[in-house]
């Protein structure tokens, strides 16, 4: 089903890590904007994530302003109730269900501490979203989020760009990086872009997750690039580490890593938000160099896989 009136966001088809799973509750609906559309998310009695369009099909009031009861989200305007399949389970004035009255339900999965949302034709839906084998359950992590006023493509390309390290991150992670190193080459595949940096590697998996290996089997950084709409992207960042697992010390280290990650992320943000056009797929006049091979490939694949509107089943 095509969402009429949805803002145009040129996106690849696939599963998107879109929400930190710990943001969803059973007693309160969560309002959010993803893929240029207002959504409401909540948990049913079994704890399963439910994500649907945030508009009551009766009179278009936002369901996120309502409440959760009877294993349903309740419209704040007239009390209509909608169950975890999107169908109306109660119309107060008739005291009956209206199964033909329904909210558009968004395909969702909960994996690895994220709620994933599917973008694209239902027939092309993979059974599982992409992930990195290195990030298993034994890794504690700290997490933060940051919203950037640009298209998702600019955010992703920033993490595929190694040549900016000694200039943007002079006093943090990039001061000693040698951009003249000719041995650095991208591994370009249909579903991922990978770069071996010598001391570690980074890998981007379509459509929206990226991982940097800092210390093999010990320390990784993860980012999900979440499309809010055409001009806004949410960065969901995690620092995974396995060298401190004692709860108290782990929490202290997690707080430190959050501060460090925030500083580095803000160094990127200042520069990326200065780029125009905000959507890199419109940057026809940019002149790319060898270090931009990953970016050139990303643009090619994104164009091939992208659709202009978000669809739901």
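The values are calculated or read from the model by the stated rules, or taken from the named source; none is laboratory data. Note that the coordinates shown come from a computational prediction; the quantities given were computed from them, not determined experimentally. Neighbour counts run over all protein chains shown; Cβ positions are idealised from the backbone, glycine included.
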Exercise. Does the range 147-169 contain any residue that is in contact (Cβ under 8 Å) with a residue 24 or more places away in the chain, closer than 30 Å to residue 105 by Cβ, surrounded by fewer than 17 Cβ atoms within 10 Å (Cβ to Cβ) and within 19 Å of the chain's Cα centre (by Cα)?
Worked result: yes
For this session: Output the number of residues of the range 280-313 satisfying the condition of being part of a loop (DSSP other than H, G, I, E, B), at pLDDT 95 or above and in contact with a helix residue (DSSP H, G or I) (Cβ under 7 Å, 6 or more places away or on another chain).
Result: 1
Problem set entry | Identity of the residue in the range 44-67, assigned to a strand (DSSP E or B) and in contact with a strand residue (DSSP E or B) (Cβ under 6 Å, 6 or more places away or on another chain), that ends up surrounded by the fewest Cβ atoms within 10 Å (Cβ to Cβ) | 67
For this session: Could you check, for the range 132-147, whether at least one of its residues is part of a loop (DSSP other than H, G, I, E, B) and farther than 28 Å from residue 251 by Cα?
Result: no
Exercise. Residues in the range 283-292: is at least one in contact (Cβ under 8 Å) with a residue 40 or more places away in the chain and closer than 30 Å to residue 38 by Cα?
Worked result: no
For this session: Filter the range 125-143 for residues that are closer than 29 Å to residue 72 by Cα and surrounded by fewer than 18 Cβ atoms within 10 Å (Cβ to Cβ) and give the result.
Result: 125, 126, 127, 128
